[in-house]
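**Q** One structure, pasted below without further comment.
The values are calculated or read from the model by the stated rules, or taken from the named source; none is laboratory data. Just so we're clear, the structure is a prediction, and the values are computed from it rather than from any experiment. A quick note on method: Cβ atoms are made from the backbone with ideal geometry, for glycine too, and the neighbour counts reach across all protein chains shown.
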Amino acid sequence: MQRIGVFVCWCGSNIAATVDVAAVAEAMKNEPGVVYTTDYQYMCSEGGQSRIKQAIKDYNLTGIVVCSCSPRMHEATFRKTAVAAGLNPYMVEIANIREHCSWIHKDKEEATEKAVILARTAVAKLMLNAPLTSGTSPVIKRALVIGGGIAGIQTALDIADAGYEVDIVEKRPTIGGRMAQLDKTFPTLDCAACILTPKMVDAASNEKITLYTYSEVESVKGFVGNFSAKIRKKARFVDATKCTGCAVCTEKCPSRKAKNEFNMGLNNRGAIYIPFAQAIPNVATIDPEYCIHAKTGKCGICQKNCSAGAIDFDQKDEIIEREYGAIVMATGFQPIKLDNFEEFGYAQYPDVVTSLEFERLMNAAGPTKGTLLRPSDLSHPKTLVFVQCVGSRCSADAKDGKPYCSKICCMYTAKHAMLVREKYPDTDVHVFYIDVRTPGKNFDEFQRRAVEQYGVDYIKGMVGKVTKKGDKLMVQGSDLLNNEQITIAADMVILATAIEPDPSAKQIASLLTASIDTNNWMTEAHAKLRPVESPTAGVFLSGVCQGPKDVPETVAQASAAASKVIGLLSKDHMVTNPCVAQSNELLCNGCTTCEKVCPYGAIEYKDKPIVGPGVPRGTIRRVAEVNPAICQGCGACTVACPSGAMDLKGFTNRQIMAEVDAICK
Amino acid sequence: MHDTNKDMAEQVIRMSGVNPRKCMKCGKCSGTCPAYDEMEYHPHQFVAMVEKGRIEELMASKSLYKCLSCFACVERCPRNVEPAKLVEAVRLLVIRQQGKNYLKAEDLPALLDEKIPQQALVSAMRKYSK
Ligand SMILES: Cc1cc2nc3c(=O)[nH]c(=O)nc-3n(C[C@H](O)[C@H](O)[C@H](O)COP(=O)(O)OP(=O)(O)OC[C@H]3O[C@@H](n4cnc5c(N)ncnc54)[C@H](O)[C@@H]3O)c2cc1C
Ligand code: SF4
Ligand code: SF4
Ligand code: SF4
Ligand code: SF4
């Protein structure tokens, strides 16, 4: 027979203001199995915990119910308390009377009634709890980083620095990400390449880091400490061990139709290409979509011109299978498509560009070699209009756009405006803004410099439409502070375009069973307290894949994610969750339903001798067996099993039914 | 806020189905409005003034009859506020009053012009009188 203690927490006034805690404690006295009840201001505090420990000893308790906040908050705390007093940690149940009750109800009487029911339900379940023991599983001391932008590079460098092996999988032919495309970077205006490329080189030369570029993660199985991933290394049709990166082939290639994605499609590249001069690895890649040889079997000019003999038209994709203890998401972002914002004329007028295109137009390694020329006629633009918040901050019911602030565009627009005025003092630069959002160290000072020292004209208001008149772009917008509608005859319009997660993030998240929010940003385990971990154990978040950020913030988060990975990899074993599924071999008929629903591949079928009442001696049957090291206790199989053979330890069908009965009493 | 103004603001909000609190004061509506220069109060001001309950001022303004009902502001608003619907609701508040038709049948002959399509007159009658 269980001897249960019930501990009702006030949570200061969080619970006590809405729930009559003393009444809950009093009501629990009459529940079967309950031998002790009390209430206290803060159960989780030192004083609260010692009360629990004392009661366990004094009343010889076999289990405790804590009526308090969500188990996500303090279940671990109270389990530790129970263990310290000699109880099994799984003899603890939490009745959530805060999030599920006091926080959502106003009427004290009703809330108290509900709290009593929740407490009674927890007691009913605890009556059927049995002590459970955790197992252990080994931790594979290698990490996988998906995405080789500044986030992925920084995370990998830090993990390698701690002595662990780490692989970066990057889908593009080079690492570097978006930062490699930038010209100068706020707030200090150092050149992006000068600070990024040394890190790229470090990553490539670090013996603990393996780069898989032009590669994608195809599947991931397993669980924290024990993932196994399949990586597809796509054929480059160039032997990376032979290619010297001389780029002769890229100049000779006669196929010139492919848009140069590194330059945001502002110019074309060959079918064989190296994204940029400092690419890592510095080897050529053939784009089979545009390669004449791949299409017709003719051409081969690159091969004839390659003195290293590196071109290999027969190269095949390679599949690499590797095991990892931890996985880091670092898949970054892209600017949104502006097709539906016709008012800005982006699709119509070549001189209306996105900010990322503008970075390329200002970049010494860009299509105009760093001289700012407008795309339509390569003339030097005199009047430039920047528009902030394009596609950001749109209400969820608006016809297009993103509901969030993209966070980086106020700062990079100030940067662009300042750089233009610095380089071309003969220009007029206007910025339409709704708000200027520049929190961050030295950020507001930076934006003020644009206004005060560089004479950038900031206009509070938004552009309503852009039309063309002669060779000018007529930008009509409102100047709210002057209560005017104005029209500026501009040579170029630069749209600070909203950013969104890389489109592959959604699919990668589902491979990892990690969660994403409604905008496809990766979700953190806790928005405030666990910002670099995903709710899926062993999966960590680095950089913009979790939400918009600039480089300093990205790097900080990347290092934070690395430190979490290092913490995990430094363990030799993981304690496993004992709340796993178990099949009752007497009931199982081997139908394989459970195997099909298990998202972790934890169920196998084995021929087993079955011994039991009414089973003929020597019976051998094919039955389900759960691998407890792989099972995550999600319970999908227990509801799918048509014979009722599957049960989840700690959450057995009987326990759940007892809870339902207690609620309905 | 004056009580009658408050009641009227509520009425305008109810009639138009617009929630002026959704406005983030970006001014895109006024940046796009083709009748801007003719209007005393511009689309974003309609939103702000309804929010503050300044209905009587709006009712007295000629802006009500300068709006083209082109719905450009509705189309462009990033927050889906639909300012033109407020203009329309305030106009309705005015013309629904006794004797406040802005366009009367007897005014029509003077306006007749062979360049104006008949349909425009019909819709003007619909828009400016009850
Ligand atoms: C116009 C513009 C100007 C900016 N200017 C500045 C500035 O001046 N200062 C500043 O601090 N910040 C600036 N930023 C922000 C900066 O670009 C980002 O903070 C930074 O690039 C984020 O790095 P990241 O690694 O998280 O993402 P990314 O740079 O996007 O890198 C992600 C990488 O992951 C790869 N990837 C994506 N999906 C997969 C997949 N499924 N498998 C494998 N690989 C994948 C991508 O190919 C990419 O290489 C600017 C941004 C823009 C748009
Ligand atoms: S074979 Fe293909 S990649 Fe090589 S030069 Fe010809 S088109 Fe270009
Ligand atoms: S960062 Fe600035 S420009 Fe970008 S969406 Fe936010 S407020 Fe608009
Ligand atoms: S466009 Fe919409 S959000 Fe912007 S000021 Fe007008 S009503 Fe407000
Ligand atoms: S509907 Fe009226 S207020 Fe709105 S843009 Fe057209 S003319 Fe201006």
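**Q** Just checking, does segment B:92-112 include any residue being within 14 Å of another protein chain (Cβ to nearest Cβ), assigned to a helix (DSSP H, G or I) and either under 11 Å from the mean Cα position of the chain (by Cα) or buried (at least 19 other Cβ atoms within 10 Å of the Cβ) (or both)?
**A** No, segment B:92-112 contains no residue that is within 14 Å of another protein chain (Cβ to nearest Cβ), assigned to a helix (DSSP H, G or I) and either under 11 Å from the mean Cα position of the chain (by Cα) or buried (at least 19 other Cβ atoms within 10 Å of the Cβ) (or both).
**Q** If B:LEU86 satisfies every condition in (1) farther than 25 Å from A:ASP400 by Cα; (2) touching a residue at least 24 places away in the same chain (Cβ under 8 Å); (3) surrounded by 12 or more Cβ atoms within 10 Å (Cβ to Cβ) but one, which is the exception?
**A** Condition not satisfied by B:LEU86: (1).
**Q** Please determine, by comparing only the residues of segment A:228-239 that are closer than 24 Å to A:ILE508 by Cβ and aliphatic (A, V, I, L, M), which one is surrounded by the fewest Cβ atoms within 10 Å (Cβ to Cβ).
**A** A:ALA235
**Q** A further question on this structure: When the residues of segment B:12-40 are filtered to those that are in a helix (DSSP H, G or I) and within 16 Å of ligand 3 (Cβ to nearest atom), which remaining residue is farthest from B:VAL74 (Cα to Cα)?
**A** B:GLY31
**Q** I'd like to check which strands (runs of 3 or more DSSP E) are fully inside segment A:125-196 and have at least 1 residues that are closer than 16 Å to A:ILE209 by Cβ.
**A** A:142-146, A:165-169
**Q** Further, regarding this structure: Does A:SER307 satisfy being farther than 23 Å from A:GLY366 by Cβ and assigned to a loop (DSSP other than H, G, I, E, B)?
**A** It is true that A:SER307 is farther than 23 Å from A:GLY366 by Cβ and assigned to a loop (DSSP other than H, G, I, E, B).
**Q** Could you list, in sequence order, the residues of segment B:1-38 that are within 14 Å of chain A (Cβ to nearest Cβ), buried (at least 19 other Cβ atoms within 10 Å of the Cβ) and more than 16 Å from ligand 4 (Cβ to nearest atom)?
**A** Within segment B:1-38, none qualify.
**Q** Right, here's the next one. Looking only at segment A:565-581, count every residue that is part of a helix (DSSP H, G or I) and in contact (Cβ under 8 Å) with a residue 40 or more places away in the chain and tell me the total.
**A** Residues meeting the conditions: 4.
**Q** Within segment A:605-622, identify whether any single residue is of a type in the set (Val, Ile, Thr), over 20 Å from A:CYS634 (Cα atoms) and free of Cβ contacts under 8 Å to residues at least 12 places away in the same chain, and answer yes or no.
**A** Checked against the condition, which is being of a type in the set (Val, Ile, Thr), over 20 Å from A:CYS634 (Cα atoms) and free of Cβ contacts under 8 Å to residues at least 12 places away in the same chain, segment A:605-622 yields at least one hit.
**Q** I would also like to ask the following. Among the residues of segment A:117-142, write down those that are aliphatic (A, V, I, L, M) and closer than 23 Å to A:LEU87 by Cα.
**A** Within segment A:117-142, A:LEU118, A:ALA119, A:ALA122, A:VAL123, A:ALA124, A:LEU126, A:MET127, A:LEU128, A:ALA130, A:LEU132 meet the criteria.
**Q** Could you look through segment B:56-83, keep only residues that are crowded, with 23+ Cβ neighbours inside 10 Å and in a helix (DSSP H, G or I), and pick out the one that is farthest from the other protein chains (Cβ to nearest Cβ)?
**A** Going through the qualifying residues, I end up with B:LEU64.
**Q** Here are A:ALA364, A:ALA330: which of them is farther than 30 Å from A:ARG232 by Cβ, of a type in the set (A, V, I, L, M, F, W, C) and in contact with a strand residue (DSSP E or B) (Cβ under 9 Å, 6 or more places away or on another chain)?
**A** It is A:ALA364.
**Q** Residues to consider are A:VAL493, A:VAL463, A:VAL475; find the one that is within 16 Å of ligand 1 (Cβ to nearest atom), within 14 Å of chain B (Cβ to nearest Cβ) and modelled with pLDDT of 95 or more.
**A** Of the residues listed, the single one that is within 16 Å of ligand 1 (Cβ to nearest atom), within 14 Å of chain B (Cβ to nearest Cβ) and modelled with pLDDT of 95 or more is A:VAL493.
**Q** Follow-up question, since we're still on this one. Could you list, in sequence order, all residues of segment A:527-548 that are surrounded by fewer than 18 Cβ atoms within 10 Å (Cβ to Cβ) and touching a residue at least 40 places away in the same chain (Cβ under 8 Å)?
**A** Scanning segment A:527-548 gives a single hit, A:ALA537.
**Q** If A:GLN334 passes every condition in (1) part of a loop (DSSP other than H, G, I, E, B); (2) within 31 Å of the chain's Cα centre (by Cα) but one, which one does it miss?
**A** (1)
**Q** Can you tell me which residue among A:HIS380, A:HIS416 is assigned by TED's automatic domain parsing to the domain that holds A:PHE443 and not in a loop (DSSP other than H, G, I, E, B)?
**A** Selected residue: A:HIS416, the only one of A:HIS380, A:HIS416 that is assigned by TED's automatic domain parsing to the domain that holds A:PHE443 and not in a loop (DSSP other than H, G, I, E, B).
**Q** Among the numbered criteria (1) more than 16 Å from ligand 5 (Cβ to nearest atom); (2) surrounded by fewer than 21 Cβ atoms within 10 Å (Cβ to Cβ); (3) touching a residue at least 60 places away in the same chain (Cβ under 8 Å), which one does A:LYS506 miss?
**A** (3)
**Q** Answer yes or no as to whether B:TYR102 is away from ligand 4 (no atom under 11 Å from the Cβ) and touching a strand residue (DSSP E or B) at 6+ places or on another chain (Cβ under 9 Å).
**A** Criteria not met by B:TYR102.
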